[in-house]
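Colleague: Before I ask anything, let me first share the structure, which is written out below as structure tokens.
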Amino acid sequence: MIISTAIPEEQLFSLPLCPNWWYYPDMATVFEKIINGEIPSVKLWEDAECIAILDISPVNKGHALVISRRCYPTFTDAPLETVCHMMEIARKIDRKQREVLGASGTNIMINNSPASGQEVPHLHIHVIPRYDGDGKTPVFQKDSYKDGEAAAFGEKLHL
Ligand code: AMP
């Protein structure tokens, strides 16, 4: 279902191009092209702050992306208000995926910088519908702490 809010045209088309600095320094990211209507997408939501679309290569069908309208390369670059608003939309999509698709869980995920697997340098939240036994759980190879190491890390990272 396309839920659309009226967005003043000047807000839609006056956004700065993202410095797509990881791979293609002079090109707009694919998400900017989607936001500017240059390439198609299946939209689930749009407002002045963000849009939500279906991921073109879903982990499970219905996998959605909440994308900031302005380009912030990573999660950490975006204003907190933007991130909070996008999380609110991610939560709406989570509920919808459970209600309409019968998802029994979701992965709400942000890849943050290339080292984490982020491919598109434009802030986006993945909302992936999950089903019991679907075998799609991402596998992280886990490490362990030696004696005393956890405390040392805790001290370094204490906020
Ligand atoms: P990430 O690895 O977190 O940067 O995720 C980027 C996501 O964008 C991937 O899951 C891609 O499948 C998705 N993607 C790339 N191009 C498109 C597109 N044209 N429309 C929708 N999703 C896309």
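The values are calculated or read from the model by the stated rules, or taken from the named source; none is laboratory data. Quantities reported herein were computed from a predicted structural model and do not represent experimental measurements. Don't worry about glycine lacking a Cβ; one is built from the backbone with ideal geometry, like all the others, and counts go over all protein chains shown.
Residues are listed down the side, and each one gets a yes or a no for (1) surrounded by fewer than 18 Cβ atoms within 10 Å (Cβ to Cβ); (2) at pLDDT 95 or above; (3) out of contact with any Pro (no Cβ under 8 Å at 6 or more places or on another chain); (4) under 14 Å from His122 (Cβ atoms):
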position: Leu15; (1), (2), (3), (4): yes, no, yes, yes
position: Lys33; (1), (2), (3), (4): yes, no, yes, yes
position: Lys43; (1), (2), (3), (4): yes, yes, yes, no
position: Gly62; (1), (2), (3), (4): no, yes, no, no
position: Ser68; (1), (2), (3), (4): no, yes, yes, yes
position: Thr74; (1), (2), (3), (4): yes, no, no, yes
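Colleague: Step by step: first the residues of the stretch 102-120, then only those that are touching a residue at least 40 places away in the same chain (Cβ under 8 Å) and within 14 Å of Lys61 (Cα to Cα), then the one that is farthest from the chain's Cα centre (by Cα). Which residue is that?
Modeller: The extreme case among them is Ala103.
Colleague: State whether the residues of the stretch 99-109 include one that is buried (at least 16 other Cβ atoms within 10 Å of the Cβ) and hydroxyl-bearing (Ser, Thr, Tyr).
Modeller: Within the stretch 99-109, the first condition is being buried (at least 16 other Cβ atoms within 10 Å of the Cβ), and the residues that meet it are 103, 106-107, 109.
Within this subset, residues satisfying the condition of being hydroxyl-bearing (Ser, Thr, Tyr) are 106.
Looking through the stretch 99-109, at least one residue is buried (at least 16 other Cβ atoms within 10 Å of the Cβ) and hydroxyl-bearing (Ser, Thr, Tyr).
Colleague: For the stretch 93-142, give me each residue that is within 16 Å of the ligand (Cβ to nearest atom) and small (Gly, Ala, Ser).
Modeller: Result: Ser113, Ala115, Ser116, Gly117.
Colleague: Out of the residues in the stretch 110-133 that are surrounded by 13 or more Cβ atoms within 10 Å (Cβ to Cβ) and aliphatic (A, V, I, L, M), which is farthest from Glu81 (Cα to Cα)?
Modeller: Ile128
Colleague: Scan the stretch 45-59 for residues that are of a type outside the set (A, V, I, L, M), within 12 Å of the ligand (Cβ to nearest atom) and crowded, with 17+ Cβ neighbours inside 10 Å and jot them down.
Modeller: Result: Asp55, single match.
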